[in-house]
Each structure stands twice: as C-alpha cells, then as structure tokens.
Amino acid sequence: MSLSAAHSPKLGMSGSFGSSHCLTQAEEANLKLHRKTYSLPKDENSPLLPPSKKPPSPSSVKDIELGQDSPRQKKDARLSKSLLTTIVVVTIGSSLQFGYGTGVMNNSEDIIMEYFQDQGKGYAVIQWSTTVSCYGIGGLVGSLLGPKVIGAYCGRRATLLINNIFLVISSLLIALAPQWWYQAIGRIFVGIVAGIATAVVPTYFSEISPIAIRGAVGTMHQLGITVGILLSQALSTPSLNMLGSQDKWQWLFAVPVFCGLLEVIVLPFCPESPSYLYTTQGKEAARQALTQLQSEAVADEYLGYIEEEIMGANSDNNGGIMSIRELFRDRKLRKQLIVGITVQLMMQFSGIDAVFYYSTSVFKQAGVSDPALATTSLGIVNVIVTIFAVKFMDSAGRKTLLTYSWCGMCASFMTLTASFILKENYNVDYMDQLSVMAMTGVIIFFAFGPGCVAWFIIAEIIPLYARDSAMALGIFINWVANWLVAFSFPLLLHSTHPYTFLIFVASTGYFLYFTLRFVPETKGLTVSQLAVEFDAMPMWTC
C-alpha cells in the first residue's frame, strides 16, 4: 500500500487539521526506504512497535508493502462453522436490534399518534420528536455502559447477553405505554440496547475474524442493521397488512424480543474474543478460541499479533488499559483518535439518519402516493446494496469505497433538493419519482461506504490497550450526533422545506475532502502497520 495523494508530503495542509509545513526531502527519502522494507520506526515511542521486534522476512515484504496478507492468512481466510455461527447469531441478536429501533418509528408515526389521540391522550409533534430522539440519549448511555462498565468485567460475549435485559424492558414500556412519555422512556432503553451493540459488536467481530476477511465480517454488523430497518419498515407499512394498524402495532415491539431470545440460547456456546481471553485468562485460553474460530494452522500466527499489541501496551502504557482521559492526553494515538472519531461523525452528519427516521414524512411532503411503501422500498435497496458491500469491502478497500460514497451522496442530496424546489416553486412533473430516485441514491452510496466502514474503523486503527476507550468515545460522539439529527430534523424540515437537504450537500462535500486527505487505507493491515501510516501522516495535532 502506498501513501495516497491525501497523505502526500508535497501537498500543503490547511483547515483545522492541517499543517503549515511539508516533509523535508530527507524525511521523504527515509519514509520511502521505511515503507519499502517495513523497518521499524526510530521513534521508540511509536505505538505497538517495540525496538526489539525484528522486521519481517524478505518473503513477506512484498505482501506487507501492498497491504496484503501472508500466504498462510490467505489459505486460512475462510469461515469456520464456529465463526459463521457466532457472526450470524450476533448479527441477528444485536446488530439487527439497532436497525429495528432506528426504523420502527418511521412508518408507525401516524398509527401510534392516532391511537393515543383516539383514547383522548395527546401526542403532539414536539412530543413525538422527543420520543424518537430519546433513542439517541439511550445510545449515549449504552455506548459507555457496554465497553467501559459491563465489558470491563464480563467480556464481549457476556456483555451482549446482558444487553437483552434492556431489550425486554424497552419492548414492554413502548408496547404497553399508557402515556406518551412511557414510550419516551422505552426509547431510551432501546437506545441503550443499540448503544451497547454498536460499541461491542464491531470490536468483537474485528477480534474474532481473519485479517483477510476482517472487512467483510465487520460489514455484517451493518448488514444486520439494514435488515433490521427493512424488517421494521415492512411490518409497519399499512398497505402491506401486517402489523401496521391500530389493533396490531403493539406487536411490532415483540419482534426484537424473539431475536434476542435466539442470541441468549446460542451465543453462550460461541467463543469469546481471543484478545479479551489473552488479557484475562492467558495465552492458552486465547489459543483455544482461535483454533475454534479459525484453525489450528493460524492460531499461533494470530497469537503473535495479539502478543505484539500486548507488548505495545506494556511499553507504552505500563501494561494497563488506557482510560478515556489518558487517551485524550496520549499524543502518540492522537491522529488515530481524530480520524476514528471523525469517521464516526461522518455517519451521522451525512444525513442518513434524516432519511431513516423521517423518510416517510419527507415523501408525504413531496406528495408521494404511498409514503410508507416508498420508505420500505428504500429499506430493500439498503439491504441489497449492503450485501454487495460485504463482497467488495476487502477487495476495493475502505478508503476507495468512502471516496466514491461521498461523491455519490453529495450528488444525490443535490438532486433531492432540486426535485423539491422544482415541484414546489415551478410544479414540474415527475419530481416525485426523482425524489425517490435521489433518496435511493443516498441509501446506495451510504451503504457502500460510511454505513459499513465507520463501525469497525476504530477497531482497525487503535491498539488493544486503548481500543475499548476509543470505541466508547467514538460511539458516544456518534450517538450525540444521532440525537441532534433526530431531534432537530423534523423542525428543520418544517421550517426550511424545500431547502432542508442543502446542509447535507455541504457536509458530504467536506467529508470527501477529509477522506482524501486524512483517512488511510486499512485493508489487510495490522494495527502495527497502520501505526507507520499515521506516524508519516502530515496532520497537525496539539
């Protein structure tokens, strides 16, 4: 892998992350020599690269330089029965819950509000916005509760099992709510479930999967989310005659419980994260998990990666787990932290939540004949595209997919805005169809890029000793942005229509710039190899 133009030392840097200087010729020559041989950096403080570690053998230099895996990794980059079972169960039992919670309130807005109003109980627009946005508040709590509280004592697997307690509470509160604020509290618990899942599942998948298919396995989390969104939208669409009616809507919130029950039954028989086992039970326990998840042939090789990260923890952090406060103060990981958190923010401020939460309302204002069915159609597209993203994530690369995604999303939002303006101000024909096509474009390009990459990028670039803190911080900020978009967008839609989506034209344009300049390609690289990328990156940090 080579530094792209985004990291070229010949390019001047500007903006909040820019630097006012370029690399010298000597530094540039040293970087080229370093990347050719993958010799270790001279800086003894570089994360995860202890001075005693020997460079790789000449036979593996070419693979490392190209960001590829060793022959043994390629040979054993397959899904064992245990790994496949773990991925499927966690995707259905945890990832799907996040997607279901995101989409279930979209098509059911009119049904639930009319149900309460028919009973003489008010449910105003501001109350509905509060209920929907409480999902983000719960996500904030869950993002910290999962990895930093429950996970610190129980590990990844047990954390996901305990999460189902909050799932049952949330379903009961929303389905049996006598007043609207019961549903608001229930949405907080739904958010806790989703927050824990988003903080733990990507890390768990990254730590149990072979490097050669790490991106594809990580994308399964996003696939579960998209299936959950589609399932909730299909079940709640009135014209499909399933659960989208006054007398059946409560059953919408029983569906997640059945998915959680599958996880409770099967997940205890699946292996724990080898990285977590290494730090808590020792090398042999980690080796057994690796053998079960992957194969006997690569167990020792992957143990070597884990040991390398542990050595980095011993040398850089006195062998301890880094807290969030220590992570903020650690200059050696600051570039990784800035990139990881920014990619998390990209997901929310890309405008995708505005589409997932309120697409039915948008279609209604646009005059689409069946807004709920149009929203469900978007969910179908989302699932199909994510399936293709699983295939291409490890072949095209993360940065390439992000770059094309931002270009496509920016163009789609521009088209969506134009369709609204032309219909409202000039009454141009076929603008309803154009708005649906534009929203479909947003979904397609999001699913190929930020929808998948954002969830596991932190687990790919942050070393083990700081991973939980970085993941908790990144997901926490993600949920802050989630809440902000969920709460403000309906008010923004009412006050600025048809120009509402111009703000996302601007945000996706900036994210394209940031990706080209600062996001490295992580495909096929270990944390140690990526540390070299960040050491060479001309990003200003305070």
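The values are calculated or read from the model by the stated rules, or taken from the named source; none is laboratory data. It should be emphasised that the depicted structure is a prediction, and the values quoted were computed from it without experimental measurement. No Cβ is skipped: glycine too gets one built from the backbone with ideal geometry, and neighbour counts run over all protein chains shown. For the accessible areas, the whole protein counts, side chains as well, though only heavy atoms, and no ligand, DNA or RNA atoms are used. Shrake-Rupley method; radii C 1.70, N 1.55, O 1.52, S 1.80 Å.
Can you give the extra length, in nm with one decimal, that the chain gains between Asp300 and Ala158 once fully stretched, where that is 0.36 nm per residue apart less the Cα-Cα distance? Display every interim value, and only then the final one.
Working: separation 142, 0.36 × 142 = 51.12 nm, distance 2.54 nm.
Additional length available on full extension: 48.6 nm.
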Notebook entry, point to check: Within the stretch 175-212, whose backbone N sits under 20 Å from a point 7 Å along Cα→Cβ of Ile165?
Noted result: 185-201
Check: In sequence order, what are the phi-derived ³J(HN,Hα) couplings for the stretch 231-244 according to the Karplus relation 6.51 cos²θ - 1.76 cosθ + 1.60 with θ = phi - 60°, rounded to whole Hz, with x for glycine and proline?
Finding: 4, 5, 5, 5, 5, 9, 6, x, 5, 8, 6, 10, 10, x
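Ignoring ligands, DNA and RNA, please state the percent of accessible area on the stretch 245-338 from carbon and sulfur, probe 1.4 Å. Walk me through the intermediate numbers first.
Numbers: 2670 of 4610 Å².
The computed percentage sits at 58.
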Item checked: Note, ³J(HN,Hα) from phi for the stretch 92-100, Karplus 6.51, -1.76, 1.60, rounded to Hz, x at Gly and Pro -> 6, x, 10, 4, 4, 4, 4, x, 4
Next item on the list: Calculate one ³J(HN,Hα) per residue across the stretch 462-475 by plugging θ = phi - 60° into the Karplus curve 6.51 cos²θ - 1.76 cosθ + 1.60, and present them in order as whole Hz with x for glycine and proline.
Entry: 9, x, 4, 5, 10, 5, 5, 5, 5, 5, 4, 5, x, 5
Check: With r defined as the distance between the Cβ atoms of Gln288 and Arg334 and R0 fixed at 35 Å, what FRET efficiency is calculated, to the nearest 0.05?
Finding: 0.45
Item checked: Approximate spin-label separation Tyr430-Thr85, in nm, with each point projected 7 Å along Cα-to-Cβ -> 5.4
Next item on the list: Determine, from the Cβ-Cβ distance of Ile421 and Asp118 and an R0 of 51 Å, the FRET efficiency 1/(1 + (r/R0)^6), rounded to the nearest 0.05.
Entry: 0.85
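Averaged per residue, what accessible area in Å² does the stretch 265-419 show with a 1.4 Å probe, protein chains only? Don't skip to the end; give the middle numbers.
Numbers: 5970 Å² over 155 residues.
It amounts to 39 Å² per residue over the stretch 265-419.
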Item checked: Largest to smallest accessible area among Val436, Val201 [probe 1.4 Å] -> Val436, Val201
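Please identify every one of the chymotrypsin sites (Phe, Trp or Tyr not before Pro) in the stretch 382-461 that sits in a loop by DSSP and has no more than 13 other beta carbons within 10 Å of its own beta carbon. Mind showing how you got there, number by number?
Values: sites: Phe388, Phe392, Tyr404, Trp406, Phe413, Phe420, Tyr426, Tyr430, Phe445, Phe446, Phe448, Trp455, Phe456; in loops: Tyr430.
Listed in order of number, the matching sites are Tyr430.
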Check: Label points 7 Å out from Cα along the Cβ direction at Phe269 and Val125: separation in nm?
Finding: 5.2
Notebook entry, point to check: With a ≥ b ≥ c the root eigenvalues of the C-alpha gyration tensor of the stretch 374-445, is it rounded (a/c under 1.5), prolate (a/b larger than b/c) or oblate?
Noted result: oblate
Check: With all protein chains present, how much of the accessible area of the stretch 383-542 (probe radius 1.4 Å) comes from carbon and sulfur, to the nearest whole percent?
Finding: 73
Item checked: Debye, to nearest 20: dipole size of the stretch 161-301, +1 on Lys, Arg Cβ, -1 on Asp, Glu Cβ -> 420
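Between the DSSP loop rule and a limit of at most 15 other Cβ atoms within 10 Å, which GluC sites (Glu not before Pro) in the stretch 231-298 are left? It would help to have the intermediate numbers written out before the result.
Values: sites: Glu263, Glu272, Glu284, Glu296; in loops: Glu272.
Here no GluC sites (Glu not before Pro) fit, given the DSSP loop and packing criteria.
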Notebook entry, point to check: According to a simple spin-label model (label point 7 Å from Cα along Cα-to-Cβ), what is the distance in nm between Trp251 and Phe392?
Noted result: 3.9
Margin query: Taking R0 as 30 Å, what FRET efficiency do you get between Glu326 and Met539 from their Cβ-Cβ distance, rounded to the nearest 0.05?
Written below: 0.90
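Can you flag which of Lys121/Lys423; Lys283/Lys391; Lys332/Lys523; Lys121/Lys148; Lys81/Lys391 are past 31 Å Cα-Cα?
Details: Lys121/Lys423 36 Å; Lys283/Lys391 33 Å; Lys332/Lys523 22 Å; Lys121/Lys148 40 Å; Lys81/Lys391 19 Å.
In this structure, Lys121/Lys423; Lys283/Lys391; Lys121/Lys148 exceed 31 Å between Cα atoms.
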Next item on the list: Place +1 on the Cβ of every Lys and Arg and -1 on the Cβ of every Asp and Glu in the stretch 104-175, take the dipole about the Cα centre, and give the residue among Val141, Val168, Ala158 whose Cα lies farthest towards its positive end.
Entry: Ala158
Margin query: If each residue of separation counts as 0.36 nm, what is the full-extension length gain between Asn241 and Ile384 once their alpha-carbon separation is subtracted?
Written below: 49.1 nm
Item checked: Gain in span if fully extended, Leu491 to Leu176, counting 0.36 nm per residue against the direct Cα distance -> 110.6 nm
Next item on the list: Would you give the gap between the C-alpha center of the stretch 469-518 and the C-alpha center of the stretch 420-461, rounded to a whole Å?
Entry: 13
